[in-house]
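Reviewing the structure listed below.
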Amino acid sequence: MNILDKALEERPLKKEELRKLLDIEQPKELELLYKTANFLRQKNLSNSCCVHGILEFSNYCKQGCLYCGISTANTNVPRYRMTHEEILAAAHEAINRYGFKALVLQSGEDPAYSVDDLCSIIKEIKKNDAVLIFISIGEIGIDGLKKLYEAGARGLLMRFESSNPALYSKIHPNCSLETRIAHLKAAYEMGYLVLTGSLIGIPGQTKDDIINDILLTKELHAEMYSFGPFLPHPETPLKDAQPVPSTEILKTLAICRIVDPVNAKILVTTGFETLDPKAREQGLMAGANSVMLNVTPEKFKKNYTIYPHRAHEDESIQYQIDTTLALLRNLGRAPTDLGI
Ligand code: 5AD
């Protein structure tokens, strides 16, 4: 296919061409799409694969996102909040016992932690250990972002979820895409590494929306592309929606690589692994080069139910590391950001 020839030469593709790639259905053509993405990944980034840790420190959330299992509207999920000491201990263990060099601190939008609380947690972690800290705590305000950067946070993980403003408003009551994007732009200007992307398969989303999502991610100077499937949660208004076929996610990852061949870190998300047990291997062979392992203590982790039956939810940190390293070795890939 001559669009893929153009991609191989790293010539920019037009929107219509990207759309054609997303429309591919034939197994042979799909194979070529994935191979092209894999070739570009290997050529530009060699065999490295980022392995980051994610610590989910609170599942309280004041937002009412229609797809999310920890939305404030779900009164059936047992809520938890880790104390400062518990967060520091879990971070310390992830860094010193398991060797993580990059950690995402994630929670719902939980007003119980003030910006100052979060700053002091980050400062404390950074005082003891050399680690790259990403925050993933929703919309904390531009001023909040500034303070957290000063405290030592260096990355912001925040999906914009959908680049279509009408669809965004539909699934995020009382929120606007504009505010979301303002956070992402401001964070980049402040010096944050930006990790962003969208949900694939939200009811009402079109294929053109997905292409626009990928292009917006690039426009936001994403260091890491985070695209995963929307997975219906039984206790949300979108419970009856159909999950997206896993091919759509693989195609999305491959197109991300084609759009940003040289620099992008592209994540195989836990959501994708929940949708398809082969996701990690297939994603890593279709342009992706990043994974995140869950370092939340087990008693809390089981209640961070943004969607049901999360992949790896019953696995210890050590088991996740062992299986991840074994897979990477099998694929001829080398982990980065992990190791004592
Ligand atoms: N399916 C898949 N991903 C979800 N998220 C929230 N709810 C769901 C769901 N039902 C994702 C959002 C958010 C991230 C932390 O979790 O994209 O950015």
Just in region 1-36: which GluC sites (Glu not before Pro) are loop by DSSP and have at most 16 other Cβ atoms within 10 Å? Glu9, Glu10, Glu25
Distance in Å, no decimals, from the C-alpha centre of region 218-281 to the one of region 28-61 is 10
May I ask for the angle, rounded to the nearest 10°, between helix 246-259 and the longest principal axis of the chain, with both axes built from Cα atoms and the value confined to 0 to 90°? 80
Distance (nanometres) between label positions extended 7 Å along Cα→Cβ at Lys62 and Leu32: 5.3
Using a 1.4 angstrom probe and counting only protein chains, how large is the accessible area of Leu325 in Å², to 10? 50
Mind giving me the nanometre distance, one decimal, between the label points for Lys218 and Ser48, set 7 Å out from Cα along Cα→Cβ? 2.2
Can you give the extra length, in nm with one decimal, that the chain gains between Ala186 and Asp23 once fully stretched, where that is 0.36 nm per residue apart less the Cα-Cα distance? 55.3 nm
What share of the DSSP beta bridges in region 2-139 is antiparallel, in percent to the nearest 5? 10
Grab region 164-318 and count how many Lys pairs have their alpha-carbon atoms under 23 Å apart, sequence gap of 8 or more, or different chains. 18
Could you tell me how far the Cα centroid of region 178-200 sits from the Cα centroid of region 77-128, in Å? 21
Quick one: divide the alpha-carbon radius of gyration of region 1-115 by 2.2 N^0.38 Å and tell me what you get. 1.61
What number comes out for accessible area per residue over region 58-188 if the probe is 1.4 Å? Units Å², please. 42
With a Förster radius of 22 Å, plug the Cβ-Cβ distance of Thr83 and Asp116 into 1/(1 + (r/R0)^6) and report the FRET value to the nearest 0.05. 0.90
On average, how much accessible surface per residue is there in region 225-339, in Å², for a 1.4 Å probe, leaving out ligands, DNA and RNA? 38
How much of the accessible area of region 16-154, probe 1.4 Å, is carbon plus sulfur, in whole percent? 51
Can you give the relative contact order of the chain as a percent, counting alpha carbon pairs under 8 Å and 6+ residues apart? 26
Segment Leu331-Gln242, extension gain: residue separation times 0.36 nm, minus the distance between their alpha carbons: 28.8 nm
Computed from the beta carbon distance with a Förster radius of 22 Å, FRET efficiency for Lys207 and Lys170 to the nearest 0.05 stands at 0.80
Accessible area of region 265-329 with a 1.4 Å probe: how many percent of it is carbon plus sulfur? 54
Roughly what % of DSSP beta bridges within the chain run antiparallel, to the nearest 5? 5
If you check each cysteine of the chain for another cysteine whose beta-carbon is under 4.7 Å away, which ones come up empty? Cys49, Cys50, Cys61, Cys119, Cys175, Cys256
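The values are calculated or read from the model by the stated rules, or taken from the named source; none is laboratory data. Owing to the predicted nature of the structure, the values given are computational and were not obtained by experimental measurement. No Cβ is skipped: glycine too gets one built from the backbone with ideal geometry, and neighbour counts run over all protein chains shown. With ligands, DNA and RNA removed, areas are computed over all heavy atoms of the protein, side chains included. Shrake-Rupley method; radii C 1.70, N 1.55, O 1.52, S 1.80 Å.
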